[in-house]
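The values are calculated or read from the model by the stated rules, or taken from the named source; none is laboratory data. If you're wondering where the values come from, they're calculated on a predicted model, not measured in any experiment. All Cβ positions, even for glycine, are placed from backbone atoms using ideal geometry, and neighbour counts span all protein chains on display.
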């Protein structure tokens, strides 16, 4: 395509932010629909990205390259391949859905939507930047709007959660910046594709990989860097929780697969077992802590730690099926957990509590809401014919056949599936089944706008579960090339 579609997708929300800032703050409905319009445009563009993508090759496509700072060899370099095209679509979809969810925001509406559109710019940019300078700018751009969205529109402990999120992510960014500077001084370029072609001494690979890993692992978040996540999720507004779970966590795994794995193949093989163990701990620990939660939103938040552990395990396998399973889990977790956070927000707006024990038997009162919630709950625990099952199955198959990690790690991680079934089923039982709690006599059913936000997510959850090749065709060539780069 001659049209610069990646820049168009990335910067359209920035134009939307400027337009929103020029509107009168009293024009609440105009602000909402203007934001939705400018967020919908990248979603339409992402459809053209998918339909024009040549999935028979692993080559970077839709390239846009312009000289930016020639004195220090920095270029404006954008491009997409099988790693980034599905994530760009997911980012566009969840951003649009989240803005529709945000129509319930009543305070400081103008500022909220302006920050949200800026956040979308940063997220889109990360998935298509191929120059380290540009990548780092987009990575840091996301920090500021997320800080304000949590800190201003969050729950009772919003300031604490926002500062904790900011400091953790900034701490990781420092390590990433160190890694970028080491590579720049060693090669004289910030072009990611050029840096992948360079060979690096083994000791240098180990240290630089470790620096990048800290930066990306905080974002995932891997154990023990995960403690910012539950606080941020619980205090954040519903739409911000959707973006946190659906997109921001995926940037850590995306960064590892885009940067660390192809650039430092010796280090990847050296650290394969520690990465797999970190994934295993995340799977088991996240599931056990989820089981202990009394707050519904905290339960879904900790389940993210568990599910992202599967991504780390699949990645550590360094097999085509394992890494494909990681990418499937990234997409699948985005739509499933994003939907669960939307549904938690729906019930909280009506009941003003998220305490699981406070409910009971509301399935009889809210049959439509219950049906939708149970659908995504079952997808989360990995029910066959749902996307969660496909991704976890691929991770287990790819990891078990790996020569880089021992089989006991894979066998032990299966316990996570059993624990997930335990806490999901118990949650469904306590909230929706059993005798009806008359306290909720006046609860109202999920409305049309709220159904509109979860239906597309349900479609992709079932589509990928029933027909996995709908996603795999985009990944296959890129993942095979990535494994070849690492294993030689």
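Things worth noting here:
- Number of residues in the range 158-201 that are assigned to a loop (DSSP other than H, G, I, E, B) and under 19 Å from residue 485 (Cβ atoms) equals 5.
- Of the criteria (1) surrounded by fewer than 23 Cβ atoms within 10 Å (Cβ to Cβ); (2) closer than 20 Å to residue 143 by Cα, which one residue 251 fails: (1)
- Condition met for residue 193 (more than 25 Å from the chain's Cα centre (by Cα) and either modelled with pLDDT of 90 or more or more than 22 Å from residue 143 (Cα to Cα) (or both)): no
- Residue in the range 302-310 that is assigned to a helix (DSSP H, G or I), at pLDDT 90 or above, more than 22 Å from residue 227 (Cβ to Cβ) and touching a helix residue (DSSP H, G or I) at 6+ places or on another chain (Cβ under 9 Å) present: no
- Residue count for the range 215-233 satisfying the condition of being in a loop (DSSP other than H, G, I, E, B) and either surrounded by fewer than 22 Cβ atoms within 10 Å (Cβ to Cβ) or within 15 Å of the chain's Cα centre (by Cα) (or both): 7.
- Subset of the range 1-18 (residues that are buried (at least 16 other Cβ atoms within 10 Å of the Cβ) and modelled with pLDDT under 90): 5
- Looking across the range 123-149, the residues that are outside any helix (DSSP H, G or I) and modelled with pLDDT of 90 or more come down to 129, 130, 131.
- Of all the criteria given as (1) modelled with pLDDT under 90; (2) surrounded by 23 or more Cβ atoms within 10 Å (Cβ to Cβ), the one not satisfied by residue 348 is (2).
- Residue within the range 254-272 that is modelled with pLDDT of 90 or more, within 23 Å of residue 97 (Cα to Cα), in a helix (DSSP H, G or I) and under 19 Å from the mean Cα position of the chain (by Cα) present: yes
- Residue 444 modelled with pLDDT under 90 and over 29 Å from residue 96 (Cα atoms): no
- Scanning the range 431-470 for residues that are assigned to a helix (DSSP H, G or I) and surrounded by fewer than 17 Cβ atoms within 10 Å (Cβ to Cβ) yields a total of 14.
- The residue that is nearest to the chain's Cα centre (by Cα), counting only those in the range 19-29 that are in a helix (DSSP H, G or I) and exposed (fewer than 13 other Cβ atoms within 10 Å of the Cβ), is 29.
- Annotation note: of 405, 424, 418, 411, the sole residue that is outside any helix (DSSP H, G or I) and either over 20 Å from the mean Cα position of the chain (by Cα) or surrounded by fewer than 17 Cβ atoms within 10 Å (Cβ to Cβ) (or both) is 405.
- Output for the range 364-387, where each listed residue is in contact (Cβ under 8 Å) with a residue 60 or more places away in the chain, crowded, with 20+ Cβ neighbours inside 10 Å and part of a loop (DSSP other than H, G, I, E, B): 366, 386
- Out of 111, 64, 107, sole residue that is in contact (Cβ under 8 Å) with a residue 24 or more places away in the chain, closer than 19 Å to residue 147 by Cα and outside any helix (DSSP H, G or I): 107
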